[in-house]
Structures are given as C-alpha cells and as structure tokens.
Amino acid sequence: MKKIILCALCALSSLSRADEGMWMLNRIDDKTADAMQSLGLQLTPDQLYSTKHASLKDCVVDFSDFCSGVVVSADGLVFTNHHCGYGAIQSLSTPEDDILTNGFVARSRKEERPAEGLFVKFLVRTEECTGRIMRALNKVYEEHPGESTAELDKQYTDSIMGAVEKELRLDNPDLNCVVRAYYENNAFYVSFYKVYRDIRLVFTATETMGKFGGDTDNWMWPRQTCDFSVFRIYADKNGEPAEYSEENVPLHCDNYARIAMDGYQNGDFCMTVGYPGSTSRYLSSWGIDERVNARNVSTIQVRGKKQEVWKRFMDADRAVGIKYASKWASSSNYWKNSIGMNKAIADLGVIKQKQQTESKIRGWYSSRQDLRDRFGDMFGQLEEAYAKRRDDVYASGFFRETFMRGIELYRVANMLSTMPQDADSTEAALVRSRMETFFKDYDAKLDEATMAALLKNYREQVKERHYWPSCYNTIDSLYGGDEAAYARDVFAKTICTSTDAVDKLLADSTLRDTDLGLLYADDIPTMMQEISGRNREASTTIDFNEHMLTQALLEMDQETPHYSDANFTMRLSYGYIQDYTAGGIHHQYYTNAQSLLDKAAKQAEIEDYKLEDDIVGLMKAGDWGRYADRTTGDMHLCFLSNNDITGGNSGSPMFNGRGELLGLAFDGNWDAMSGDISFDSNLQRCIGVDVRYILFVIDKWGKAGNLIKELLGNQ
C-alpha cells in the first residue's frame, strides 16, 4: 500500500499553479525551478537550499516553535512579527516600565534585554527517513499477525518516529532532530536544527503600532499594522549555542537577508519562506463538516464568553491588562480565525467542492477491480465513523475550551495533584518553578469570574450529563445550581491561587482530599480521557481511511503536483504581488500612510485605531526619505501577495526574485479564511508588512541610528 503511494509522489515534479503550495526546499527540481524563474526568480535551487554552502534557508529561522523569523545582519539581528515577540515583550513589561505600551529601543548592545524562554532554530539539513520508518512498521505487522494495520499504525507510528529521533540524536548530539510525517503518513523526513537559546530584545514599537487595528482588523484587508519586533541571537565566543551569559557575544552570521529598498509593483515575483504550522487540505468532506460544526463551534462560543470576562478586568486594571495581554492575543486570534473559517467554508462552498472531488475519485476506482478492492469501502467507513463520534467530538471541544483552556485554576490544581508528597523531590522543585512562572501572569479575581461564567455556559451548551465533571454534582447539591456561588467558595477556600501552594500542600497532605480547588480539578483529566476514549475505534477508522483517501487522490492525479500539508517544517510558497476583487470591491495591493491616518481619525470611536500623537505627526509630515516607494513616491505600509501561508508563517520573510527582503508575512485575508482546508487562488492573499515601513519606524520614530547603520551599512 505505502510503496505504491511513494512511487506516485516521486512523479510529482512540476507545478501547475504558482500561487498554491507549501513546498519543501530540498525537493525543488529543475522543472519547478523553471516555473519559478519564469515568474521572476533569479536564484537557482542550490541557492535556495544547500548543505554544502550558504543558501537562502540559512537566513530563515524557526522562532521558538510557534513563528518564523529572518536574520537581517551579520551580527545576528532577527526580524519577526510584533505578535510573535509579544509574549516576551509582555514578560519584560511592568506597570513602572511598560515597554508593551511605550515600545523599547536598545541603543547599544548592553541595553539589549534577555528574553527568557525564547529560542531560534536554524535548519541544517532535511533527509528522508521513510524507509527507516516503514521497516519498523513492517516489523510491527509481522509481530502482530491478523491485527488491523490501521490500529497498529495508530498505535505505533508516533513511537517509532520518536525512537528514530532518539537514535539520530545519538549520532548528532549537537543538533535537534525532528521527524515529521508527510502526505498523511505516506512519507517521513527528519530535519536537523542548531538551536540558540540566548535571545535578546532589541527593538519594539508601541503596542498601538505593532497591533494597529487589533481585533477589529485581524484577518482583514486593508491593513496598516507595523507588525514587527527585533531580537538578537547570542552565542559563546566560538559561535556555538549557549545558555544566557554576560560573556556571550552576538552570533556572527555569514549569510543574512539583504533589504530590498527598490520595493515592488503589482505582478512582481514574491516568495515566502517559513514554518507553516498545520493545514488539512486533504481532509474529506465529512472531516470538514466536523471541523465546522463540531470543533470550531466550541472555539468560537467558549472563547467569546471567556474574552468578555477578561476584557472587563483588563480594561479596569492596567496591571491585569499587562498580565493577560499575550493570553488575550492568542485566544482572540484563533477565536476570530474559527469564525472566519466557518464563514468562508460556507460562502465558497468548500464542502461541495470536496464532495465533487470525492465523486471523481469514486469514478476513477470504480472501473477497476483491483482499485475497488483497495478503495471501494473507504467512503462508507468515513461517513459512518464521523457520525459515530460526532457527539463526543462536540462535547470534547467544549470540555477542553472550558476546563483545560478556559478556567486557569485547573492548571495549578493539576500540577499540585500530580506532585509527590516529598519536599526534597525534583518534581516538587519543578512544580514550584512552574508556579512562579504561572502566577506572574495570573489574576485570581478574573479567573473566579471566568469560572462562574464558563461553568454556567458549559451546562447550557452540553446538555448530556455524562459529559459533566463531578463539580456539577457539588454545585447542584450544595449550591442550588448556582455556579457563581460555587466559584466564590472555591476561590475563597483553595490554596491554588498563590505561589505558596506547594509548601502548604507539602506541609498538610490532607488538603489533597479537602481543598476545594483540588477537588474541583480532580476528575477533569480522567473525564477528558473518557470522552476521547469513547471514540477511539471511530477515530482509528477515520485516520486510516483519510490516509487511504489521500493515497487515492495522489494515485489518480499522478501527473498533477501535490504538496504535503503543513507540519511546521520549512516550506517555500511562491507567486507574485497581487491585488484582488471580492464582493464587488477591488482591493489595491498595498496600503499607504494616508490610509493609516484615515483610520486613526476614528480612534475616538474605535479603540483599536488609537495612535500616539508623535506617530500621527510623523505620518502627516510625509518625510519618507529613502524609505519612499520609488515608483509611487508614497510610504507603503503593508502589501499583498498570493503566496500560500497559514499559522506559523507569522514572521516569515517575503523575498523578491533576487532573494532580498520585501517584508514579513503576518496575516491572511477574511475573504479566504477557509485556506487551511482549501486554497482559493482568486481570493487567498498573504498580508505582509513592508520592510521599508519597518526601517522608517526604527529610524524616524525610534531614532535608532545604530540599528539602521547595522541593517543598511553595506547597502
């Protein structure tokens, strides 16, 4: 089965559409290169990816396993998005030194601030390990004769990938080795990374610039967001990774991205290189329906309720606002993403399109007995299995969003409940350390109000009592069904709201059976496992047949190029700068300073359009200097390309045909929010912040001549 599909994958060589696809840099062949060069690429495949000499891949970094970034100087300066650096900026902020609000400029290396917890990963090389994984799986099949290969795949594939990673690390002790599955577990590759953990904040604009438009404009076009932040990589004196030390020095980088000061025009070549997180382009029509109606609905509904509570507390107290700024950004981002995805899937008829593709696949295999034997039953099994697990998936989504991601008290209680009753244990010390980190960005009053609201909401949204944790028995029997009264009592009587919880529990083990916070959280993990376990058989059937569906599609269309879904490995997408029309409205391919001023004029009515007076003054002055576009004479702020991106691409460099930096990808557009499921070439756009806008802000607002010299000194 798997050998057939691998042969099909080998036949995929040229690209039919330049704007769709997340392509592996180490698999770009001559035909693909010709297609890219016909659009304006001036680099060879060897200049994009090489293990023998410097190449474009060496400029692009994985930014802390949740974003992308690009090295822009010989001394290790890294550009990424403001929202990617947001958590670090927030952690470095206090009410007395609120750099989240006021911005930050390091005018010397000594002023650069260590950003604890951040790291960057450089890709060293990517190698195929499909044969190694398949040999191990075949051995498993031999050791379990007669058992379902679908169940064996589900049970053993991840552990085999982990074992291969472990073996490779022994041979490469200085590198981070990560094995990923591609094409729905039909191919496997290992990526080797060098990881640097001494990362320091160098520059951030004000929050009003870095988040301009806020939730109002999130996932929307036109945009004027100056979504960037600047960090620097430090290493030991030999240029090797090292933990933070005052003795460390900026990492010397032989290869870094040069700045494109010439700008772009509509139709110019553009490519984006970064780490897209996750897509589901091969998902069946039943899987898409489940995503819309059983998964996204919980993200939308519960986070909406939670964010209403959070906003009240954040607006009332700036200290709470700082604590929850990063949490809010993360929560609201995917809340709005889910809303937009559901809307776009409906508006664009994505499920119907997928059903048409599935009908085509049925017609393809129905004419041959050997294909009917392999694929004939997969659609029926998918439909039945998705229907079987529908209620459980719906409930599990609300359960996770409410009890595991919504009410934060659970995180503390769960850490305490699994900690051994030994003050000298390593586990106790680890929990104490995690507590200190957690409580830095926590407010008990906010969490109490969140608990009251979300417990009531869960009862209303999930009607079947067998999905309710035991806290509802307590609420109904002792509090007359009043969730708010229960929440008040829990927070008044629990140890789980302060950093000394560890010591209190170690001093009195009876609290494990009497503390209201610990009792509340006691059965939540077990309940989650039970809900997930109820649909294990259906999920195994779905995983196997989704795999078979992908295999059928690739075999049917062997002459058509197919890229693997995103899995947070380095990918390249390419196309060109492009405007678009949606709903009868034409959208220009860039925004300018006047469009920013037009929105800022509405800041009294729309809080997300607030801007400080000095920034407004700079924009009104119109003194763009060398940062003006050479064609329009205007200040370009953000721009559009038809490059194919998703979450994780935030901070990805957008390059012109010479491999020069045009800007940073930071968002997609509302008209095509179904992009993780289905790419619409007419509508889907990547939104980037223009690198000249970045430099203008560093220079004219930040007055950071030291950084401008470092960035443009050789240009």
Open item on the list: Classify the range 208-309 from the C-alpha gyration tensor, please: rounded if a/c falls under 1.5, else prolate or oblate depending on whether a/b exceeds b/c.
Closed with: prolate
Task: Cα-Cα over 29 Å, subset of Lys31/Lys57; Lys343/Lys700; Lys31/Lys211; Lys154/Lys354 - done: Lys343/Lys700; Lys31/Lys211
Task: Length released on extending from Lys709 to Thr560, taking residue separation times 0.36 nm less the Cα-Cα span - done: 48.9 nm
TODO: Give the long-range amide H neighbours of Asp198: residues separated by 5 or more places, or on another chain, with amide H under 5 Å away, using H modelled in the peptide plane at 1.01 Å from N.
DONE: Tyr234, Ala242
Open item on the list: If you average the alpha carbon positions of the range 76-124 and of the range 674-715, how far apart do those two centres end up, in angstrom?
Closed with: 17
Open item on the list: Taking 0.36 nm per residue of sequence separation and subtracting the Cα-Cα distance, how much length would be gained by fully extending the chain between Gln37 and Glu127, in nm to one decimal?
Closed with: 29.9 nm
TODO: Give the order of His466, His562 when sorted by the count of other beta carbons within 10 angstrom, beginning with the fewest.
DONE: His466, His562
Open item on the list: With unit charges on the beta carbons (Lys and Arg positive, Asp and Glu negative) and the dipole taken about the Cα centre of the chain, which residue among Tyr472, Asn26, Ile322 sits farthest to the positive side?
Closed with: Asn26
Task: Additional length obtainable on full extension of the chain from Ala601 to Glu147, 0.36 nm per residue less Cα span - done: 156.7 nm
Task: J(HN,Hα) series, the range 121-129, from Karplus relation 6.51 cos²θ - 1.76 cosθ + 1.60, nearest Hz, glycine and proline x - done: 10, 9, 6, 8, 6, 10, 10, 6, 9
TODO: Between Lys440 and Gln381, with labels modelled 7 Å along Cα→Cβ, what's the label distance in nm to one decimal, could you check?
DONE: 4.9
Task: Over the chain: helical MRE at 222 nm, DSSP H runs n ≥ 4 each giving -39500 (n - 2.57), nearest 500 - done: -14000 deg cm²/dmol
TODO: Would you please classify the overall shape of the range 264-414 from the alpha carbon gyration tensor, given that a ≥ b ≥ c denote the square roots of the eigenvalues, rounded means a/c under 1.5, and beyond that prolate means a/b larger than b/c while oblate covers the rest?
DONE: oblate
Task: Long-range amide H partners of Trp23 with built H, under 5 Å - done: Leu572, Ser573
- [ ] Show which aspartates and glutamates lie in cross-link reach of Lys336 when reach means a straight Cα distance below 17 angstrom and same-chain residues fewer than eight apart are skipped.
- [x] Asp215, Asp217, Glu308, Asp347, Glu401, Asp608, Asp667, Asp671, Asp676
Open item on the list: Once R0 is set to 22 Å, what does the formula 1/(1 + (r/R0)^6) return for the Cβ-Cβ distance between Gln594 and Arg630, expressed as a FRET efficiency to the nearest 0.05?
Closed with: 0.75
Task: Spin-label model distance (nm) - Arg135 vs Asn682, 7 Å beyond Cα toward Cβ - done: 5.1
Open item on the list: Check which residues have an amide H placed less than 5 Å from Asp667's amide H, if you skip close sequence neighbours.
Closed with: Ile687
TODO: Hand me the trypsin sites (Lys or Arg not before Pro) from the range 178-244 located in a DSSP loop with no more than 15 other Cβ atoms within 10 Å, in residue order please.
DONE: Lys237
Task: the range 507-629: proportion of alpha-carbon pairs further apart than 20 angstrom, % - done: 78
Task: Ala621-Glu460 pseudo-label distance in nm [points 7 Å out on the Cα-to-Cβ vector] - done: 5.2
- [ ] Could you pull out the trypsin sites (Lys or Arg not before Pro) across the range 284-350 that fall in loop regions by DSSP (anything but H, G, I, E, B) with no more than 15 other Cβ atoms inside 10 Å?
- [x] none
Open item on the list: For Cα extents along the principal axes in Å, pick the label among (i) 93, 67, 48; (ii) 113, 86, 63; (iii) 72, 72, 57 that corresponds to the value derived from the coordinates.
Closed with: (iii)
- [ ] Evaluate E = 1/(1 + (r/R0)^6) for His53 and Ser509, where r is the Cβ-Cβ distance and R0 equals 60 Å; express this FRET efficiency to the nearest 0.05.
- [x] 0.45
Task: Hull volume in cubic angstrom per residue (convex hull over the Cα atoms of the range 634-688) - done: 97
- [ ] Choose one of Val120, Gln90, Val105: the residue whose Cα lies farthest towards the positive end of the charge dipole of the range 52-125 (beta-carbon charges +1 Lys, Arg; -1 Asp, Glu; about the Cα centre).
- [x] Val120
TODO: First select every other residue whose beta carbon is under 12 angstrom from the beta carbon of Thr51; then total the charges, Lys and Arg +1, Asp and Glu -1.
DONE: 0
Task: Reach of Lys237 by Cα under 19 Å, taken over lysines that are not fewer than 8 positions away in the same chain - done: Lys110, Lys121, Lys194
Task: Kirkwood Rh and Cα Rg combined as Rg/Rh, the range 38-141 - done: 1.14
TODO: Can you tell me the relative contact order of the chain? Whole percent, Cα pairs under 8 Å, sequence separation 6 or more.
DONE: 24
Task: Under the Karplus curve 6.51 cos²θ - 1.76 cosθ + 1.60, θ = phi - 60°, whole-Hz ³J(HN,Hα) for the range 274-287, x wherever Gly or Pro sits - done: x, 10, x, x, 7, 10, 9, 5, 9, 5, 6, 4, 5, x
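Bear in mind that the values in this text are calculations on the coordinates, not laboratory data. In this text the structure is predicted, and so the values were computed from the model without any measurement. Cβ coordinates were reconstructed from backbone atoms using ideal geometry, including for glycine residues, and neighbour counts include every protein chain displayed.
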